[in-house]
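**Q** Here it is, the structure, as structure tokens.
The values are calculated or read from the model by the stated rules, or taken from the named source; none is laboratory data. None of the values given here were measured: they were computed from a predicted structure. For neighbour counting, all protein chains shown are included, and Cβ atoms are generated from backbone atoms with ideal geometry for every residue, glycine included. Side chains included, ligands, DNA and RNA excluded: accessible areas come from the protein's heavy atoms. Shrake-Rupley method; radii C 1.70, N 1.55, O 1.52, S 1.80 Å.
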Amino acid sequence: MLMASISDSEATNRGSMWELDQNLDQPMDEEASQLKNMYIEKFSSILLLRLAFQSLGVVFGDLGTSPLYVFYNIFPHGVDDDEDVIGALSLIIYTLTLIPLMKYVFVVLRANDNGQGGTFALYSLLCRHAKVSTIPNQHKTDEELTTYSRQTYEENSLAAKVKRWLEGHAYKKNCLLILVLIGTCTAIGDGILTPAISVLSASGGIRVQNQNMSTDVVVIVAVVILIGLFCMQHYGTDKVGWLFAPLVLLWFILIGSVGVVNIHKYNSSVLKAYNPVYIFRYFKRGKSEIWASLGGVMLSITGTEALYADLCHFPVLAIQIAFTLVVFPCLLLAYTGQAAYIIDHKDHVADAFYRSIPGPIYWPAFIIATLAAVVASQATISATYSIIKQALALGCFPRVNVVHTSKKFLGQIYIPDINWILMILCIAVTAGFKNQSQIGNAYGTAVVIVMLVTTFLMVPVMLLVWKSHWILVVIFLVLSLTVELPYFTACINKVDQGGWVPLVIAITFFIIMYVWHFCTVKRYEFEMHSKVSMAWILGLGPSLGLVRVPGIGFVYTELASGVPHIFSHFITNLPAIHSVVVFACVKYLPVYTVPVEERFIMKRIGPKNYHMFRCVARYGYKDIHKKDEDFEKMLLDRLLVFVRLESMMDGYSDSEDFTMMEQKGERSTRALLTEKAGSNTMSSIGDMSYSSHDSIMPAKSPLTGNSLTRYSSQTFGDEQEFLNRCKDAGVVHILGNTVVQARRDSGIVKKVAVNYVYAFLRKLCRENSVIFNVPHESLLNVGQIYYI
């Protein structure tokens, strides 16, 4: 591996060559304009009902299993007064009404990115409508994608002012990113705590019929179920997903029916809890336990954020129908029925759900509850995979192996490394706490933090994407914070009772994500500031100052324009270079997917006899590189298609000026840019001289005598034959390996973060050669060190 060391000052000291580079190598345009076909989906009533039914198994599993553990976490020390139960029930009713129903189902779900939800989806929307991405690798051609949608604003509108304010300073972009990472890391904590509390609560049913059974038995059963759940993840949900919807529907029918029976059988007076005045009376009682009980009430809406993150490709209207007609009424009946039972059996609050089930259906209900808990856990685990994949695509997470588990559905993925980490942490939480109360405290803290992040992100989305009136934005913000902030303070007060778990998990993942993103940005800035001037490349001539040997060399870079410094380091240290050089850039855009037919953009670099090209492969945050996908073949096919299309558009190529320069002889590169004509002279810029003629004559190719000269002919037929000959001669993939290290005068925190944390993560993550299935025998690594 070749190594070079470049400091910040060296990387930025380019002088007047930067102006030349900007003129000679502008970012590429599309070969042909893309027509934007905007489709407005219309669903028949029957199809809409079918989609609403299917959404039950994907979206509502987590929210639907909350009745298993809510009342126990509200009253962990038992119930003393009937009015406390009525007040708590009233809080549950109106919390369900205000947060899941009004805020999420009818407002937040509309802020989806082509069916994708979650904090990263909101961030992607903002990145498309304002230049707030911390990696500035987007170009105007990206906006021509059919999946790329954005708004335009009047100059003096509120949205335009907000846009300018967000784009004004780098610290605002960093604050936005930190907010997104906080929500993302806390959502990952949900992926650990949801299986723990759901499965443990469901497994507790085996102890209700046998009070002498040890708690350890329940924990062991829960751990066995969790191990089985995580071990089955690599199969994906495609094969068993069809069971989820009928199972969850059966669960909702069960808890709703049991609730109706309990209301009729035990105490119908609980219906007065639907009067919100009982909330006021509940707080007026002034007991110290009242405020603490809000953490338990918060658990009644766990799964609401997962409802948004698991939106998938279901239309919003289908989600709204399923929630308002099935989920919401069944949950209200379930909680009301449990409250009626608890009033008559105050000593059964710890097992209120199972004890309130009629005897004849107890064991069938236990089986359904356990399966529903597994479905809820599966939905949250899948959402965690999706979050990690989005973070990876946006440069906020180390490269890990992403496996596509379904040929039908794009979003069904499996990440082995994350799966085993989740399993270990989930088992540790379950076996460590052994009870629902402390896990519930941890769970509530995680959920309320994610909700607060979503609330704050919705403000710029409403202003920029929806162009909402500022009064509506203020109303949304005030109502959301009025409900969520009290829950947040109640959950934070329980940090020492289990609430520290999601905070530790979130902080750990936040450090990983932020350090990785920080070093990724610095690497990109290094590539940008140290890229090679095109004037220098032109001055070397068609041979690039080297022996051009038969073959094709793919040089991988993060730059979508310009020649990477790694290439200059390569050609100044080795005596030969391939006859055809293609700079391949793989970049991710803030869109959920890039259609395959719009994925690649090709451009020629320099005159035709240089045989240099650039290919930009664009991906969305939902796109993945499949194992059976031959990336090399895709690049070669795209190169041949480009040359063929270029021959059909003879006279319109963006390389025409370079061809003219060849025919005019030696001259100053600056003069070529400004005059397009002139005397046959050579001038110097800075300390270097350039000529459009070869500075070193190419050696004879081993193919046949003067084959390289013959293949360099400007006829398109010869060029296509030349490319095919080079393809047959062999392909080499040249990967730049930029090692980032902290400067010696850096602070201790920066040194630890860059030299140890980032270096450790780099060793663990997958190499680009593995991601793109590059054969090891065709791989050449060229490295350099960059001090930040």
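**Q** With every protein chain kept in place and ligands, DNA and RNA left out, what is the accessible area per residue of region 515-570? Probe 1.4 Å, answer in Å².
**A** Value for region 515-570: 19 Å² per residue.
**Q** With charges set only on the Cβ (+1 for Lys and Arg, -1 for Asp and Glu), what does the dipole of region 275-413 come to about its Cα centre, in debye to the nearest 20?
**A** Dipole about the Cα centre, nearest 20: 240 debye.
**Q** Also, I was wondering about something else. Could you tell me the distance between the Cα centroids of region 570-598 and region 112-185, to the nearest Å?
**A** Spelled out, the Cα-based centre of one part sits 26 Å from the other.
**Q** Heavy atoms only, 1.4 Å probe, whole protein assembly: order Phe456, Phe613 by accessible area, highest first.
**A** So, going from the largest accessible area down, we get Phe456, Phe613.
**Q** I'd like the accessible area for Phe252, computed on protein heavy atoms only with a 1.4 Å probe and all protein chains in place. Round to 10 Å², please.
**A** 0
**Q** So, one more: Could you tell me what percent of the DSSP beta bridges with both partners in region 455-606 are antiparallel, to the nearest 5? Please report the intermediate quantities before stating the final value.
**A** On the way: 1 of 10 bridges.
Antiparallel: roughly 10 percent of the beta bridges in region 455-606.
**Q** Put a dot 7 Å past each Cα toward the Cβ at Gln720 and Leu640; how far apart are the dots in nm?
**A** 1.0
**Q** Can you count the Lys pairs in region 131-215 whose Cα atoms are under 16 Å apart, with each pair 8 or more apart or on different chains?
**A** 9
**Q** Also, quick follow-up: If you take the square roots of the eigenvalues of the alpha-carbon gyration tensor of region 262-365 and sort them as a ≥ b ≥ c, do you get rounded (a/c under 1.5), prolate (a/b over b/c) or oblate?
**A** Cα axes put region 262-365 in the oblate bin.
**Q** Only loop residues by DSSP count here, and only those with at most 15 other Cβ atoms within 10 Å; note down the GluC sites (Glu not before Pro) in region 151-181 that meet that.
**A** Glu154, Glu155
**Q** Please name which of Asn573, Leu538, Val594 has its Cα lying farthest along the dipole of region 513-597 towards the positive end, using unit charges on Cβ (Lys, Arg +1; Asp, Glu -1) and the Cα centre as origin.
**A** Going by the Cα projections, it comes out as Asn573.
**Q** Specify the inter-centroid distance of region 466-509 and region 207-236, based on alpha-carbon positions, in whole Å.
**A** Centre-to-centre distance over Cα atoms comes out at 32 Å.
**Q** Per residue of region 323-340, what does 6.51 cos²θ - 1.76 cosθ + 1.60 with θ = phi - 60° give for ³J(HN,Hα)? Whole Hz please, x for Gly and Pro, Karplus curve as stated.
**A** Result, ordered by residue: 6, 6, 8, 10, 5, 4, x, 5, 5, 4, 5, 5, 5, 5, x, 5, 4, 4 Hz.
**Q** Hey, what do the phi angles of region 724-734 turn into as Karplus ³J(HN,Hα) couplings, whole Hz, using 6.51/-1.76/1.60 and θ = phi - 60°, x for Gly and Pro?
**A** Calculated HN-Hα couplings, in order: 5, 5, 5, 4, 5, 6, x, 10, 10, 9, 9 Hz.
**Q** Continuing with this model, one more query. Could you give each residue of region 362-373 its phi-based ³J(HN,Hα) in whole Hz, using Karplus coefficients 6.51, -1.76, 1.60 with θ = phi - 60°, and x for Gly or Pro?
**A** Those phi angles translate into 4, 5, x, 5, 4, 5, 5, 5, 5, 5, 5, 5 Hz.
**Q** Going by accessible area, probe 1.4 Å, with all protein chains left in place, what is the ranking of Phe488, Phe328, Phe570, largest first?
**A** Phe488, Phe328, Phe570
**Q** Need one number: nm distance between label points at Lys763 and His776, each 7 Å from Cα along Cα→Cβ, rounded to one decimal.
**A** A separation of 2.0 nm, rounded to one decimal place.
**Q** Still on this model: What pairs in Lys389/Lys727; Lys531/Lys587; Lys608/Lys727 have C-alpha atoms more than 27 Å from each other?
**A** Numbers: Lys389/Lys727 34 Å; Lys531/Lys587 17 Å; Lys608/Lys727 17 Å.
Violating the 27 Å limit, Cα to Cα: Lys389/Lys727.
**Q** Which far-off residues, 5 or more places away or on another chain, put their amide H under 5 Å from the one on Val555, with H placed in the peptide plane?
**A** Answer set, sorted by chain and number: Val582, Phe583, Ala584, Ile734.
**Q** Label Val504 and Asn174 with points 7 Å out from Cα along Cα→Cβ: what is the distance between them in nm?
**A** Label at Val504, label at Asn174, 2.9 nm between them.
**Q** Using modelled backbone amide H atoms (1.01 Å from N, in-plane), which distant-in-sequence or interchain residues come within less than 5 Å of Val549's amide H?
**A** Those qualifying (amide H under 5 Å, at least 5 residues apart or on another chain) are Ile577, His578, Ser579.
**Q** In addition: How much of Glu289 can a 1.4 Å solvent probe reach, expressed as accessible area in Å² and rounded to 10?
**A** 110
**Q** Given axes a ≥ b ≥ c from the Cα gyration tensor, I'd like to know whether region 108-174 is rounded (a/c under 1.5), prolate (a/b larger than b/c) or oblate.
**A** rounded
**Q** Once fully extended, how much extra length lies between Thr324 and Thr482, figured as 0.36 nm per residue of separation less the alpha-carbon to alpha-carbon distance?
**A** Computed gain between Thr324 and Thr482 is 54.5 nm.
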